[in-house]
Amino acid sequence: MKRWRHFIVIILLIPFFLLYLWLSTNLIDYFTGQNQYLDWLLYIVIGLAWIYPAIKVINWLAKHESF
């Protein structure tokens with residue numbers, strides 16, 4: 001199997017996103033309504049927090065794809 005990394009990412013991606021969604025909705029439920037600026041900051045941070053791990057995964061996948 002030449003692309004075993006893709007298989008691992010597919011298997012682990014769904015539980016990661018389910019956990020991320022669960023944590024982010026619980027965090028938003030806990031802090032929402034206390035302060036409007038805190039709400040905006042929380043939505044921005046949670047909305048962008050997945051980008052850094054996604055970059056790491058994409059770089060890990062692409063590391064051995066390009067020769």
Would it be correct to say that residue 31 is free of Cβ contacts under 8 Å to residues at least 24 places away in the same chain and surrounded by fewer than 11 Cβ atoms within 10 Å (Cβ to Cβ)? no
Exercise. Mind checking whether some residue in the range 45-52 is over 30 Å from residue 64 (Cβ atoms) and surrounded by fewer than 12 Cβ atoms within 10 Å (Cβ to Cβ)?
Worked result: yes
Can you confirm whether the range 54-66 contains a residue that is more than 19 Å from the chain's Cα centre (by Cα) and modelled with pLDDT of 90 or more? no
Does residue 4 qualify as being among the aromatic types (Phe, Trp, Tyr), loosely packed, with under 11 Cβ neighbours inside 10 Å and at pLDDT 90 or above? no
For the range 48-66, pairs from a residue that is without any contact (Cβ under 8 Å) to a residue 60 or more places away in the chain to a residue that is of a type outside the set (A, V, I, L, M, F, W, C), with Cβ under 7 Å and 6 or more apart or across chains, are 50/20; 60/5; 61/5; 61/6
Subset of the range 1-32, residues β-branched (Val, Ile, Thr) and in a loop (DSSP other than H, G, I, E, B), comes to 32
When every residue in the range 33-67 that is assigned to a helix (DSSP H, G or I) and hydroxyl-bearing (Ser, Thr, Tyr) is compared, the one nearest to residue 23 (Cα to Cα) is 43
> Right, residue 9: hydrophobic (A, V, I, L, M, F, W, C), more than 12 Å from the chain's Cα centre (by Cα) and on the phi < 0 side of the Ramachandran plot or not?
Replying inline: yes
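The values are calculated or read from the model by the stated rules, or taken from the named source; none is laboratory data. Since the structure is predicted, the reported quantities are computational estimates derived from the model, not experimental observations. A quick note on method: Cβ atoms are made from the backbone with ideal geometry, for glycine too, and the neighbour counts reach across all protein chains shown.
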